[in-house]
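Here's the structure, in structure tokens; my notes come after.
The values are calculated or read from the model by the stated rules, or taken from the named source; none is laboratory data. Quick caveat, the model's predicted, so the values are computed rather than measured. Ideal geometry is used to build each Cβ from the backbone, glycine not excepted, and the neighbour counts take in all protein chains shown.
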Amino acid sequence: MSLPRLTYLVIALGAGAWCALLVLPPLLAHLSLGGAAELIASLFRPICHQLEERSVMLFGYPMAVCSRCSAIYVAFFAGTLLYPVIRKVESPVMPPRWVLVVALVPVVLDVLAGILGVHAVTLTTRLWSGALFGLVAPFVIIPAAIEGIVQLVSRSHRTPVHQQKGLSDA
Amino acid sequence: MPEKPSKLLPALYGGIIIGVIGAIPFLNFVNCLCCAGVLFGGYMAVFFYRKDLPPALPLESSDGIQLGALAGLFGAIIGLFLTGLIYLMIGNVAGKAMIEMLMNVYDSLGILDQMPPEAIDQMEMSAEESPLNAISIIGSLIVDPLFGLLGGLIGYQIHKPKAGVPPAAPTPTAP
């Protein structure tokens, strides 16, 4: 398997595993495995407020992170799966730099509007604004990650040549 | 060909940003939005590095990966140290405020009276606990480099050289 494909596969598997972890706490709680559910949920405590009233419920239990974070992560995974359909994995194309900023605008507006009380922040606004950002993010991150990994690997292959040169110079 | 500058210092600056945002009570709520503070630190590491980079050398995506991950690692260590220090000095103020806010919400919804006293006691006890435990330490050491790396890649996408514009030629040195 080529290095770009391998990098893509690692990102896709990582994003999938991350999303599976989000769903595990409600699933485990539903199966009466409260201790394991609590342990996994606590892993996400430093990165999300986990307020129950702002979370998506599965089997009557909240997911590991809030609705906005859930939307971002699940949409990121969906975008990662969509990536090879829209772009070529072997030849990464960087999108224009404004793409990510535009995708971030609804999230920022939703958060600010909620803080300032301009409009009621609902589950729907959280999910849609988060999902838009999450769906766009892989198209920015994956090509940069593939390009970067290829650069790092090719550089590490070149290192012994440099070392040899250094030795012969000495 | 000039050599690329060291990545250590820009990554450390990014790590300090991550650590400070993650440790200061209430400011660390920024991380509740998909680790925005960690992403920002990774981005800033690339920003600082870009400033040190000679015009002849282009910023590469591998720079973004290395800077972001390193900033995240520094940020996790600095953040854990500062979190412990702040807890020793003033206790878990953010935890207490969070529980108080939750109690107010439950009270306004009229469900506080229906809650078992043991549940309320447990919530109050958890607010007194140190935010540092094995899970938070392991979690920070995994999550911060990961999200820092993503921030570094975003930083690269924003600060990458424009397509079709070749890097400036190195200035000739006097013989």
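Please go through the range B:34-56 and give me each residue that is within 14 Å of B:Leu9 (Cβ to Cβ), within 14 Å of chain A (Cβ to nearest Cβ) and surrounded by fewer than 23 Cβ atoms within 10 Å (Cβ to Cβ), ordered by number.
B:Phe47, B:Arg50
Conditions: (1) within 10 Å of chain B (Cβ to nearest Cβ); (2) farther than 26 Å from A:Leu21 by Cβ. A:Leu51 meets all but one. Number of the miss?
Unmet for A:Leu51, out of (1) within 10 Å of chain B (Cβ to nearest Cβ); (2) farther than 26 Å from A:Leu21 by Cβ: (2).
Evaluate the range B:155-166: report whether one residue or more is closer than 30 Å to A:Met94 by Cβ, touching a Ser or Thr at 6+ places or on another chain (Cβ under 7 Å) and assigned to a helix (DSSP H, G or I).
yes
Quick one: in the range B:24-33, of everything that is within 11 Å of another protein chain (Cβ to nearest Cβ) and assigned to a helix (DSSP H, G or I), which residue is surrounded by the most Cβ atoms within 10 Å (Cβ to Cβ)?
This residue is B:Asn31.
So is A:Leu39 within 17 Å of the chain's Cα centre (by Cα) and either surrounded by fewer than 17 Cβ atoms within 10 Å (Cβ to Cβ) or not hydrophobic (A, V, I, L, M, F, W, C) (or both) or not?
no
Return the pair list, or none, for Cβ contacts closer than 7 Å from residues in the range B:46-62 that are in contact (Cβ under 8 Å) with a residue 12 or more places away in the chain and more than 13 Å from B:Lys7 (Cβ to Cβ) to residues that are in a loop (DSSP other than H, G, I, E, B) and of a type outside the set (A, V, I, L, M, F, W, C), at least 6 apart or on different chains.
Partner pairs satisfying both residue conditions: B:Pro54/B:Pro2; B:Pro55/B:Pro167; B:Ala56/B:Pro2; B:Ala56/B:Pro167; B:Ala56/B:Pro170; B:Pro58/B:Pro161; B:Pro58/B:Pro167.
Across the range B:107-124, which residue is surrounded by the most Cβ atoms within 10 Å (Cβ to Cβ) among those that are more than 12 Å from every other protein chain (Cβ to nearest Cβ) and outside any helix (DSSP H, G or I)?
Looking at the filtered set, the residue picked out is B:Leu112.
Of all residues in the range A:69-84 being surrounded by 17 or more Cβ atoms within 10 Å (Cβ to Cβ) and out of contact with any Phe, Trp or Tyr (no Cβ under 9 Å at 6 or more places or on another chain), which is modelled with the highest pLDDT?
A:Val74
Return yes when A:Ser32 is touching an Asp or Glu at 6+ places or on another chain (Cβ under 7 Å), more than 22 Å from A:Leu123 (Cα to Cα) and away from every other protein chain (no Cβ under 14 Å) and no when it is not.
The answer is no for A:Ser32.
Quick check: anything in the range B:57-65 within 26 Å of A:Ile141 (Cβ to Cβ), of a type outside the set (A, V, I, L, M) and more than 12 Å from every other protein chain (Cβ to nearest Cβ)?
Among the residues of the range B:57-65, not one is within 26 Å of A:Ile141 (Cβ to Cβ), of a type outside the set (A, V, I, L, M) and more than 12 Å from every other protein chain (Cβ to nearest Cβ), which makes the answer no.
Of all residues in the range B:125-143, count the ones that are facing chain A (nearest Cβ under 9 Å), touching a residue at least 40 places away in the same chain (Cβ under 8 Å) and either crowded, with 24+ Cβ neighbours inside 10 Å or not in a helix (DSSP H, G or I) (or both).
Residues flagged as facing chain A (nearest Cβ under 9 Å), touching a residue at least 40 places away in the same chain (Cβ under 8 Å) and either crowded, with 24+ Cβ neighbours inside 10 Å or not in a helix (DSSP H, G or I) (or both) within the range B:125-143 amount to 2.
Which of the following residues is under 16 Å from the mean Cα position of the chain (by Cα) and among the small types (Gly, Ala, Ser): A:Gly114, A:Gly79, A:Gly60?
Being under 16 Å from the mean Cα position of the chain (by Cα) and among the small types (Gly, Ala, Ser) holds for just one of A:Gly114, A:Gly79, A:Gly60, which is A:Gly79.
Quick one: in the range B:87-106, which of the residues that are surrounded by 12 or more Cβ atoms within 10 Å (Cβ to Cβ) and farther than 29 Å from B:Gly19 by Cβ is nearest to the other protein chains (Cβ to nearest Cβ)?
Checked the range B:87-106; the qualifying residue nearest to the other protein chains (Cβ to nearest Cβ) is B:Val105.
Got a sec? Which of A:Val89, A:Val65, A:Val93 is in contact (Cβ under 8 Å) with a residue 60 or more places away in the chain and β-branched (Val, Ile, Thr)?
Only one candidate qualifies: A:Val89.
Find all pairs meeting these conditions: Cβ atoms under 7 angstrom apart; at least six residues apart or on different chains; first residue within the range A:140-156 and more than 7 Å from chain B (Cβ to nearest Cβ) and more than 11 Å from B:Gly64 (Cα to Cα); second residue among the β-branched types (Val, Ile, Thr) and part of a helix (DSSP H, G or I).
From the range A:140-156, the pairs are A:Ile142/A:Ile11; A:Ile142/A:Thr80; A:Ile146/A:Thr7.
On the basis of being at pLDDT 80 or above and in contact with a helix residue (DSSP H, G or I) (Cβ under 6 Å, 6 or more places away or on another chain), does B:Gly152 make the cut?
It is true that B:Gly152 is at pLDDT 80 or above and in contact with a helix residue (DSSP H, G or I) (Cβ under 6 Å, 6 or more places away or on another chain).
Applying the selection to the range A:118-139, what residues are within 13 Å of chain B (Cβ to nearest Cβ) and among the small types (Gly, Ala, Ser)?
Matches in the range A:118-139: A:Ser129, A:Gly130, A:Ala131, A:Gly134, A:Ala137.
Can you spot a residue in the range A:101-117 that is more than 13 Å from chain B (Cβ to nearest Cβ), modelled with pLDDT under 85 and in a loop (DSSP other than H, G, I, E, B)?
The answer is yes, given that some residue of the range A:101-117 is more than 13 Å from chain B (Cβ to nearest Cβ), modelled with pLDDT under 85 and in a loop (DSSP other than H, G, I, E, B).
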